[in-house]
Amino acid sequence: MTTSLAALARAKGLLFGAANNTYWMKFPDFASAFARDCAILVPEYELKREVTEPSPGAYDFSAGDALRDYAQAHGMKLRGHPLVWFAANPPWLEAAVAAAKDESIFTRYIAAVAGRYRGHMHSWDVVNEAIEPADGRADGLRDSFWLRKFGPGYIETAFRAARAADPQALLVYNEYSIETDSPERDLRRRATLALLERLIARGAPIGALGLQGHITAYGPPLNQKKFAAFLDAVRAMGLKLIVTEHDVDDSGGPTDVASRDRAVADVSRRYLDVALDNPATLGVLTWGLSDRFLKPESARDALLRGTPRMLPYDDAMQPTPMHDAIAQALMGARKR
Ligand code: XIL
């Protein structure tokens, strides 16, 4: 039996884990692989506001609690995701925000959710995906309903509310498409660094940048030098780093599974080599653990290529070459 990813990470002072959800947990082979390989868990959707506050002030933490209890029972750390996001919100929220008289529409929510899990959370994604240079703002922020109502200050307010609710949890700003190489991603990196600098300059209690890590095997390439320089810039601000949602999109690849798996494993290894080489990196989470629950993009795709192969285990819960790539990257990582 090979050494688990959790143990390989632990040997370097790192954390390995993955997103999990209450449905996937029903599959015993998935649950046992999860318990073996993961030392930290993030709920895939159970702590999103559409689940936790289906109607105003009526909270539902049953699913979040179930995953907290599972993590606790297996000696795993827990991450929260997300407290403030423009997506995965209940249908009543946007109108309520537009009509809101003050910021309690989100600070009260943060107090309720982060307060409930105080002492159980390794870290919280306090704000998720708040930049979008394509929206044309000078500051690169996303033109979300949060921004339209409260201005750019909502991000700092959210971090302060999270710190008030949980004195210990590491507070994370989480973002996507800031790792691989394209002019659009250059703009996203620049906007992310500018946001982090503004938050730090204002003394907001931010502790880390979350790199979602949704990369592609056949899309924008990974420029390791450029990616490493970006991570160094974040570290130079005194922030930590976490890879929060790693998977490798294999769409656009050949029908031949073996060559797709190789391409996925290769880019995952090159990505993690850079991320884990930075002393500020605390760990890696994949967005799920098995391809079993991934949906092909189209019926034609399902016919031609079968289930997407983007994660450490395939749909039969067999380790994929990506699993080995992650293991090699952890073994090659500097010890913290
Ligand atoms: C995704 C979930 O995995 C999907 O099941 C859901 O339909 C949409 O959201 N960035 C995030 C995650 O921060 O919360 C998203 O999760 C994927 C992108």
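Report the Rg/Rh value for segment 196-318, based on alpha-carbon coordinates and the Kirkwood definition of Rh. Expressed as Rg/Rh, it is 1.06. Checking the cross-link pairs LYS26/LYS48; LYS77/LYS101; LYS226/LYS335 against a 32 Å limit on the alpha carbon distance flags LYS77/LYS101 as lying beyond it.
Using helices alone, what [θ] at 222 nm do you get for the chain, with -39,500 (n - 2.57) per DSSP H run of 4 or more residues, divided over all residues and rounded to the nearest 500? Taking each H run of at least 4 residues, the total per residue is -13000 deg cm²/dmol.
A cut-off under 15 angstrom between Cβ atoms defines the neighbours of ARG118, and their net charge, with Lys, Arg +1 and Asp, Glu -1, is +3. The angle separating the long axis of helix 62-73 from the principal Cα axis of greatest extent in the chain is about 50 degrees.
Around the Cα centre of segment 29-102, unit charges on the Cβ atoms of Lys, Arg, Asp and Glu (plus for the first two, minus for the last two) sum to a dipole of about 240 debye. Backbone geometry of segment 207-215 corresponds, through the Karplus equation with coefficients 6.51, -1.76 and 1.60 at θ = phi - 60°, to 3J(HN,Hα) couplings of x, 7, 9, x, 9, 4, x, 7, 10 Hz, x marking Gly and Pro. Taking amide H as placed 1.01 Å from N in the peptide plane, ALA100 has no amide H partner under 5 Å among residues 5 or more places away or on another chain. Between THR22 and ARG137, the contour length at 0.36 nm per residue exceeds the alpha carbon distance by 37.5 nm.
Among TRP146, TRP287, the order by Cβ neighbours within 10 angstrom, fewest to most, reads TRP287, TRP146. Measuring r between the beta carbons of ALA58 and ARG148 and using R0 = 25 Å, the FRET efficiency lands at 0.45. Size descriptors for segment 113-183, from the alpha-carbon set: Rg then Dmax equal 14.1, 41 Å. Computed about its Cα centre, the charge dipole of segment 154-227 is approximately 180 debye, with only Lys, Arg, Asp and Glu carrying charge at their Cβ.
How fast does the chain diffuse by Stokes-Einstein, in µm²/s, taking the Kirkwood radius from C-alpha pairs at 4 °C and 1.567 mPa s?
64
Taking other Cβ atoms within 10 Å as a rough exposure proxy, SER268, SER177, SER251 sort from fewest to most as SER251, SER177, SER268. Each of TYR218, TYR154 has some number of other Cβ atoms within 10 Å of its Cβ, and from fewest to most they run TYR218, TYR154. Of all the options ALA204, ALA165, ALA95, the one that moves most in a Gaussian network model of the chain with Cα springs shorter than 10 angstrom is ALA95.
Positive-end ranking of TYR45, ILE200, SER177 along the dipole of the chain, with charges on Cβ about the Cα centre, is headed by ILE200. Expressed per residue, the C-alpha convex hull volume of segment 143-223 stands at 112 Å³.
Readers should treat all values here as calculations from the given coordinates under stated rules, not as data from a laboratory. As the structure is a prediction and not an experimental result, all values here were calculated from the model. Cβ coordinates were reconstructed from backbone atoms using ideal geometry, including for glycine residues, and neighbour counts include every protein chain displayed.
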